[in-house]
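Presented below is the structure to which this report refers.
Only the coordinates and a few stated rules stand behind these numbers; no lab work does. Not measured: the values here are computed from a predicted model. When we count neighbours, we look across all protein chains shown, and the Cβ atoms used for this are built from the backbone with ideal geometry, even at glycine.
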2 protein chains.
Amino acid sequence: MEPRSGCPINAAVEVLGDRWSLLVLRDVIFSDRRYFRALLTGSTEGIASNILADRLVRLVEAGLLSRGTAARGQRAQYSLTEAGIQTLPILVALGNWSLTWRPAANELHARQQFMQDEGPAFVEALMDDLRARHLGRPEPHDGPSPFDRLDADGR
Amino acid sequence: MEPRSGCPINAAVEVLGDRWSLLVLRDVIFSDRRYFRALLTGSTEGIASNILADRLVRLVEAGLLSRGTAARGQRAQYSLTEAGIQTLPILVALGNWSLTWRPAANELHARQQFMQDEGPAFVEALMDDLRARHLGRPEPHDGPSPFDRLDADGR
């Protein structure tokens, strides 16, 4: 796909400027949903099955997800690519914006607040954790993983 | 508009997870296009007139832009609100992602690279400049403004 302009913001927006693509990435990243069925039934926003199928194809084509080969009758597992992992700062920036401009007191806001308070180094640690989980890199840490910390403290 | 879930990423994506909304914000922010006509004719990606009209209404309703009152026969000027100004880190995160994953050597990439190299403090300075330009705050600096620096050095 040739982008419609040479602008880097546009080049990203052509891939990511779609509500459902961003929410699918969010669910893979933060909820570790790796299969079509888990992404469908777990969706808090109620994604439709045909939209999910379409967005998964698009995200694979754009190089943000890879689709594992599945034997007959087996489910295919999706993994983040490095390009997909590096969308995390974009998702965090979106969530941080909401903390100020779409305030709502709930557990998910507490998690976002925790990420905002911890800052960019924590986002880097989350990305390293994703590299271990999705790309088979070695676990980068001793003790609780950053995602465990997010679950434990981000409430 | 009630969001479809309590997730802060979703709350932002419901407003900003749309390609053209993000590109309109980009043109207001980086190209200082404040009028319908300027946004329409200046659009590098060729936004259609009806889409632009729709997105301007949505961005005003969402509180990211304000629309000045125009006398009969006069054009209405759009201004960023504080919530609109604070979308800048999201746009910068999108552009930074492209630097690695959608490489293309051109002037716009050089500007994005300049913003990435300068880091978060420069993004803050750009936001202060937007507050002067759109919200009537005092000019926060002596010498060349951060947008002037972007024009001069980001090439």
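Going by the conditions given, is B:I47 within 14 Å of another protein chain (Cβ to nearest Cβ) and assigned to a helix (DSSP H, G or I)? Reasoning before the result, please.
Details: within 14 Å of another protein chain (Cβ to nearest Cβ): yes; assigned to a helix (DSSP H, G or I): no.
No, not satisfied.
Could you list, in sequence order, the residues of segment B:114-134 that are more than 23 Å from A:G119 (Cβ to Cβ) and either over 14 Å from the mean Cα position of the chain (by Cα) or outside any helix (DSSP H, G or I) (or both)?
B:A132
So for segment B:63-80 (the condition being β-branched (V, I, T), more than 9 Å from every other protein chain (Cβ to nearest Cβ) and in contact (Cβ under 8 Å) with a residue 24 or more places away in the chain), does at least one residue qualify?
Let us first name the residues in segment B:63-80 that are β-branched (V, I, T), namely B:69.
Next, only the ones that are more than 9 Å from every other protein chain (Cβ to nearest Cβ) stay: B:69.
Within this subset, residues satisfying the condition of being in contact (Cβ under 8 Å) with a residue 24 or more places away in the chain are none.
No, segment B:63-80 has no match at all.
Rundown of residues vs (1) under 22 Å from B:I29 (Cα atoms); (2) in a helix (DSSP H, G or I), yes/no style:
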| position | (1), (2) |
| --- | --- |
| A:I9 | yes, yes |
| A:I29 | no, yes |
| A:L59 | no, yes |
| A:G63 | no, no |
| A:R72 | no, no |
| A:I90 | yes, yes |
| A:L99 | yes, yes |
| A:P103 | no, no |
| A:Q112 | no, yes |
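Test of understanding: among A:G84, A:G17, A:G6, A:G46, which residue is over 26 Å from B:P3 (Cβ atoms) and out of contact with any His (no Cβ under 7 Å at 6 or more places or on another chain)?
Values: A:G84 fails: over 26 Å from B:P3 (Cβ atoms); A:G17 fails: over 26 Å from B:P3 (Cβ atoms); A:G46 fails: over 26 Å from B:P3 (Cβ atoms).
None of the others qualify; the one that does is A:G6.
Is segment A:20-37 home to any residue that is farther than 22 Å from A:F147 by Cβ and either within 14 Å of another protein chain (Cβ to nearest Cβ) or surrounded by fewer than 15 Cβ atoms within 10 Å (Cβ to Cβ) (or both)?
Yes, segment A:20-37 has at least one match.
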